[in-house]
Amino acid sequence: MTTAEKVEQLFSRINENPTDSKTELEMLYDEGSFVEIGFFNDCSVVTGYGTIKGKLVYSYCQKGAVNAAHTKKILKIYRLALETGAPIIGILDSEGINLDAVSEAFETYGKLFTCQTMASGVIPQIAVVKGFCIGMAAFIPALSDFTFIIDKATMFINSPNILKGIDGKSSSFESHGGSEACAKKGTATESFKTVRECFEKVRDIISFIPSNNINRDLSEINDDLNREDEALNTIFDNKNFDIYYIIESIADQNKFIEIKKMFANTIITGFLKLDGMTTGIVANNGLLTTNAAEKAYSFVRFCDCFNIPLVTLTDIHGYEKYAEEEQKGIIKNSAKLMSAFISSSVPKINVILRNAIGSGYILMNSKATGADIVYAWPSANISCMNKESAINIFQMSEAEYDNISSPYYYAEKGQVDDIIIPSATRKRILAAMEVLFNKRTYNPDKKHSSI
């Protein structure tokens, strides 16, 4: 066979075997940039690389039952991503292990989980659950940093057919492991109605986060470094002010990408840019719960692993007061959050907006637990307990309480670095970021991440 005939045969095979998986991956990447690896190794998984908003990203798209060849192909693309320091995205649609090769699949699955664990905190890992992701396959998104699930997809370890609900009846696939259920439980970062919406969010995330744990994500964004927002000078007078407005007011071009919006919404986590630098936001939006502490903990760990500075917007006045919270382990999860802030080595800035009450404040990146810079609005109320409790327990007057809970009192004690005008919050955070840009601390422990 001549060379020309071989080339013609190759193109004929490619044209006769277009794969939906490859088409899906091409939708995710910058136009024309996706390059498939291992086309002739046909084992129901497509792997390759390309650029997403100019960044190198590796990916795989799996379908059907898993066998040894299937998993080995994914392992190869994982190793390439690790060796080149690039993010990896997995599109998952697996009904579990191929029963004809169980022992081999067990072994290769174990190797994949090992590879994912070694990649944790080194390169970002994103999972997109597009169809079934059940049994052992569900560990793949669980070990990823971000998991996005599309409507009608399902993700669980045990089938709802063999589980009994609270009422003694079997739960449905949708309520047990459907897209909305997974997002509300926190096993998925977010759920989407369509593949296109999901891929747009993935592309946004890739454009914000660093490619690995060495690089920093910096970009040119045209926004005034000295921009002020006069509306912030009156917003704290509103008892139910919108914390999202404050976050977007601070962000370059007012763009904020929220993480786990449907899970534990009394804590808000997400990314924004500050003078082009990706920054993580942790903001209170109500009383602290067990799930909220867990959500914030995993986000802080991710930011620390990938050298992303942290800004906390503190407005906390206690814990959700239900016995269920104690039973779910609020003490343990709160301690984990506090430990994450203490051990993180990235620049950490805290802005106390209104309330910083009790042990909840200690958890929220306080000066005592390692914040580099702590600002407070004049409206801030900082105390070990609320006014009513302090008056009843210590028999103090309202005036006495107001004095010792004032941000000026804490500024005198060195626990607050400055009292700032709310409208200037953005430019004061930017100034602090500039000072802390080259912050270095020694931490001998290997870092792992999982949001």
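Considering only the range 333-400, give the strands (runs of 3 or more DSSP E) lying wholly within it that have at least 1 residues that are within 19 Å of the chain's Cα centre (by Cα).
Passing ranges, in order: 348-357.
Can we say Glu388 is among the acidic types (Asp, Glu) and over 25 Å from Pro347 (Cα atoms)? Explain how you work it out, then say what you get.
Working: among the acidic types (Asp, Glu): yes; over 25 Å from Pro347 (Cα atoms): yes.
Yes, satisfied.
Filter the range 290-333 down to residues that are surrounded by fewer than 22 Cβ atoms within 10 Å (Cβ to Cβ), β-branched (Val, Ile, Thr) and touching a residue at least 12 places away in the same chain (Cβ under 8 Å), then give me how many there are.
Number satisfying all stated conditions: 1.
So, in the range 238-271, of the ones that are in contact with a Phe, Trp or Tyr (Cβ under 7 Å, 6 or more places away or on another chain) and touching a residue at least 60 places away in the same chain (Cβ under 8 Å), which residue ends up surrounded by the most Cβ atoms within 10 Å (Cβ to Cβ)?
Phe271
Output yes when any residue across the range 352-364 is closer than 23 Å to Asn240 by Cα and without any contact (Cβ under 8 Å) to a residue 12 or more places away in the chain, and no when none is.
no
Can you pull out the residues in the range 41-61 that are closer than 13 Å to Asp30 by Cβ, β-branched (Val, Ile, Thr) and more than 21 Å from the chain's Cα centre (by Cα)?
Across the range 41-61, the qualifying residue is only Thr51.
Within the range 192-234, how many residues are out of contact with any strand residue (DSSP E or B) (no Cβ under 8 Å at 6 or more places or on another chain) and small (Gly, Ala, Ser)?
The total comes to 1.
Regarding the range 62-73, can at least one residue be identified that is out of contact with any His (no Cβ under 7 Å at 6 or more places or on another chain), under 28 Å from Arg216 (Cβ atoms) and among the basic types (Lys, Arg)?
No, there is no match, as no residue in the range 62-73 is out of contact with any His (no Cβ under 7 Å at 6 or more places or on another chain), under 28 Å from Arg216 (Cβ atoms) and among the basic types (Lys, Arg).
Report yes if Ile373 is in contact (Cβ under 8 Å) with a residue 40 or more places away in the chain and either out of contact with any Cys (no Cβ under 7 Å at 6 or more places or on another chain) or assigned by TED's automatic domain parsing to the domain that holds Gly318 (or both), otherwise no.
Criteria met by Ile373.
Can you tell me which residue in the range 6-48 is modelled with the lowest pLDDT, limited to those that are of a type in the set (A, V, I, L, M), within 26 Å of Ile150 (Cα to Cα) and in a helix (DSSP H, G or I)?
In this case the residue turns out to be Leu25.
All but one of (1) in a helix (DSSP H, G or I); (2) polar (S, T, N, Q); (3) at pLDDT 90 or above; (4) more than 28 Å from Asp252 (Cα to Cα) hold for Gln415; which doesn't?
Of the numbered conditions (1) in a helix (DSSP H, G or I); (2) polar (S, T, N, Q); (3) at pLDDT 90 or above; (4) more than 28 Å from Asp252 (Cα to Cα), the odd one out for Gln415 is (1).
The values are calculated or read from the model by the stated rules, or taken from the named source; none is laboratory data. Since we're looking at a predicted model, the values are computed, not measured. Backbone-built Cβ (ideal geometry, glycine too); neighbour counts: all protein chains shown.
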